[in-house]
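Report on the structure given below.
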Amino acid sequence: MGFLSVAERTMPDGVYVDAVVGVSGTDWPIGTPGAPVDNITDAKTIATAHNTNLLRVVSPYGTHELDADFEYYRVIGPATNKELVSIDINGQSIEGSVFEGIAVVDTGPGEACGRGAEFHDCHIYFQDMSGSGFFHNCRFYDLFLAAYAKAYLFNCYAEEETATYILAAANVTIAVVNFSGYFDIQNLTGGTHYLTFANAHVYIAGDCTGGTLNIYGTAKVDVHPSATSTVNDYT
């Protein structure tokens, strides 16, 4: 790399990532605004070398797939076209990481481990999450929870009737504050859950056989006749 100035060593604005026009490699000036890197693996290497945990994804579209654990990073997406730009967790651990303004998907085998991960203004397509996750102002498509997973949703929403939130295993915890739109609960087998809605349509599927749901706020609540979970509707 040769001699680097203080600004170059620290990269205060983070590492720039662009899957469309970026280049691979880790040598300076790759990862800067004028020469973004095209993959997350190299971006992590650059971030470590320059004392930062901040990655700025500026791709106009495309998916960045994780191929190893991704812990305690901060990812800032393009925000304006976040439905077109995604991070694929690919079953890796994202413990302690923060994602902002980007689509977050998980298509890989195994569980994506949250453990305190945060998501702000993201689009969420989670196939299987363990650990814990905190979601703020996110648009949801799917959230599948593994055993003992914990999910906390604040001011989130869903717009499609097919949006599904599956509490798929025993001992999961889900807390919801001011969720709007469609919220389907499937496969609930245990636990006590507190959900507050604002203009929502809540559906409790017939395969919900245990646990207690305490539902507050403004919502239309429909319970399938076969569901045996306890539903306390305080709306």
Among the residues of the range 9-49, count how many are surrounded by fewer than 16 Cβ atoms within 10 Å (Cβ to Cβ) and in a loop (DSSP other than H, G, I, E, B).
10
Inside the range 182-197, can you point out the residues that are part of a strand (DSSP E or B), of a type outside the set (Ser, Thr, Tyr) and modelled with pLDDT under 90?
183, 184, 185, 186, 190, 191, 193, 195
I'm trying to understand the selection: among the residues of the range 207-227, which are outside any loop (DSSP other than H, G, I, E, B) and surrounded by 20 or more Cβ atoms within 10 Å (Cβ to Cβ)?
211, 213, 215, 219
Name the pairs: first residue in the range 137-152 and of a type in the set (Val, Ile, Thr), second residue crowded, with 20+ Cβ neighbours inside 10 Å, Cβ to Cβ under 7 Å, at least 6 apart or on different chains?
none
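Could you look through the range 66-89, keep only residues that are small (Gly, Ala, Ser) and buried (at least 17 other Cβ atoms within 10 Å of the Cβ), and pick out the one that is farthest from residue 15 (Cα to Cα)?
Step by step, filter the range 66-89, then rank; the result is 86.
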Residue 81 at positive phi and not acidic (Asp, Glu)
no
Regarding residue 63, is this residue within 23 Å of residue 158 (Cβ to Cβ), surrounded by fewer than 21 Cβ atoms within 10 Å (Cβ to Cβ) and of a type outside the set (Gly, Ala, Ser)?
yes
Subset of the range 93-107 [of a type outside the set (S, T, N, Q), surrounded by fewer than 23 Cβ atoms within 10 Å (Cβ to Cβ) and not in a loop (DSSP other than H, G, I, E, B)]
98, 100, 103, 105
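The values are calculated or read from the model by the stated rules, or taken from the named source; none is laboratory data. A quick note: this is a predicted structure, and the numbers were derived from the prediction, not measured. Don't worry about glycine lacking a Cβ; one is built from the backbone with ideal geometry, like all the others, and counts go over all protein chains shown.
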